[in-house]
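Below is one structure. I have some questions about it.
The values are calculated or read from the model by the stated rules, or taken from the named source; none is laboratory data. Since the model is a prediction, treat every value here as computed from it, not as a measurement. With ideal geometry, Cβ positions are generated from the backbone for all residues, glycine too; neighbour counts draw on all protein chains shown. Keep in mind that these areas ignore ligands, DNA and RNA; they rest on the heavy atoms of the full protein, side chains included. Shrake-Rupley method; radii C 1.70, N 1.55, O 1.52, S 1.80 Å.
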Amino acid sequence: MSARIDHLVTSGPFEFDGQTIDLENNVWIIGDDEQCLVVDAPHQVDPIVEAIGGRRVLGIVCTHAHRDHIGQAPALGARVSAPVLLHPDDLVVWRTVHDDGIDPDQELADGQVLSVAGVDVRVMHTPGHTPGSVSLDIPDLATVLTGDTLFPGGPGATGRPFSDFPTIIASVRNRLFTLDPDTRVLPGHGGTTTLGAESPHLDEWIARGH
């Protein structure tokens with residue numbers, strides 16, 4: 001099987017709680033030497049284009065619509081002639097970032113299958129961090145890309161507008177933790193983990209409230 005997941009980290013300023021911080025984001029590129037899907041487009045376009053190389057980009061998949069994940073999505077789409085895909089429940093969040101009339105090109109739907117380099121990428125609607133957050137399950141690669149829904153050590157933050165802690169817990173419990181425990185978790189920030197390493201801690205996360 002030639003499909004693989006390439007990893008790029010980009011960084012840039014991000015406003016959070018009235019402060020500007022330098023934030024690192026993971027960019028995941030699913031594909032082979034000929035074609036790929038890009039997952040999230042934060043901060044800078046040029047490093048992502050360089051990581052893509054000469055491959056044909058089938059789409060830019062946005063795990064959710066916070067600025068540090070979609071800030072460069074329209075520009076990247078224009079550079080590589082690829083559609084930008086977002087779950088419609090996050091359009092309200094998208095428009096707080098891109099208020100210039102530029103919307104995503106295509107909608108993502110729960111259960112939708114995106115095919116690239118001979119593998120299927122299944123879209124899972126996993127709301128909570130935002131209403132339209134999605135995770136991307138790739139069974140053939142024993143991997144799920146979780147955006148900001150699940151990290152090593154717990155779920156994504158829910159203290160911002162459009163977020164909800166009980167909803168993200170339901171997404172993690174009822175969607176992600178139903179996958180094979182050996183599934184590798186590739187989140188939107190930081191390091192990786194597995195579902196089996198995280199699932200025993202669900203009750204701890206609920207008790208602490210984040």
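Scan the range 12-34 for residues that are open to solvent by 40 Å² or more (accessible area, probe 1.4 Å), assigned to a strand (DSSP E or B) and of a type outside the set (Val, Ile, Thr) and jot them down.
Residues satisfying the conditions are Pro13, Glu15, Phe16, Gln19, Asp22, Glu24.
Read through the list (1) under 27 Å from Glu24 (Cβ atoms); (2) touching a His at 6+ places or on another chain (Cβ under 6 Å), then give the number of the only condition that Gly209 fails.
(2)
Let me ask something else. Among the candidates Asp120, Asp182, Asp137, which residue alone is of a type in the set (D, E, K, R), more than 20 Å from Val92 (Cα to Cα) and open to solvent by less than 40 Å² (accessible area, probe 1.4 Å)?
When all the criteria are applied, what remains is Asp137.
Can you find, within the range 92-117, the residue that is most open to solvent (accessible area, probe 1.4 Å) among those that are free of Cβ contacts under 8 Å to residues at least 60 places away in the same chain and touching a His at 6+ places or on another chain (Cβ under 8 Å)?
Once the filter is applied, the top-ranked residue is Glu107.
Would you be able to say whether some residue in the range 68-85 is basic (Lys, Arg) and closer than 22 Å to Ser11 by Cα?
The answer is yes, given that some residue of the range 68-85 is basic (Lys, Arg) and closer than 22 Å to Ser11 by Cα.
Additional query: Take the residues of the range 5-28 that are of a type in the set (A, V, I, L, M, F, W, C) and touching a His at 6+ places or on another chain (Cβ under 8 Å): which is nearest to Val97 (Cα to Cα)?
So, considering only residues that are of a type in the set (A, V, I, L, M, F, W, C) and touching a His at 6+ places or on another chain (Cβ under 8 Å), the one nearest to Val97 (Cα to Cα) is Leu23.
Separate question: Which members of the range 45-91 meet the condition of being in a helix (DSSP H, G or I), in contact with a Gly (Cβ under 8 Å, 6 or more places away or on another chain) and open to solvent by 20 Å² or more (accessible area, probe 1.4 Å)?
Answer for the range 45-91, where residues must be in a helix (DSSP H, G or I), in contact with a Gly (Cβ under 8 Å, 6 or more places away or on another chain) and open to solvent by 20 Å² or more (accessible area, probe 1.4 Å): Pro88, Asp89, Leu91.
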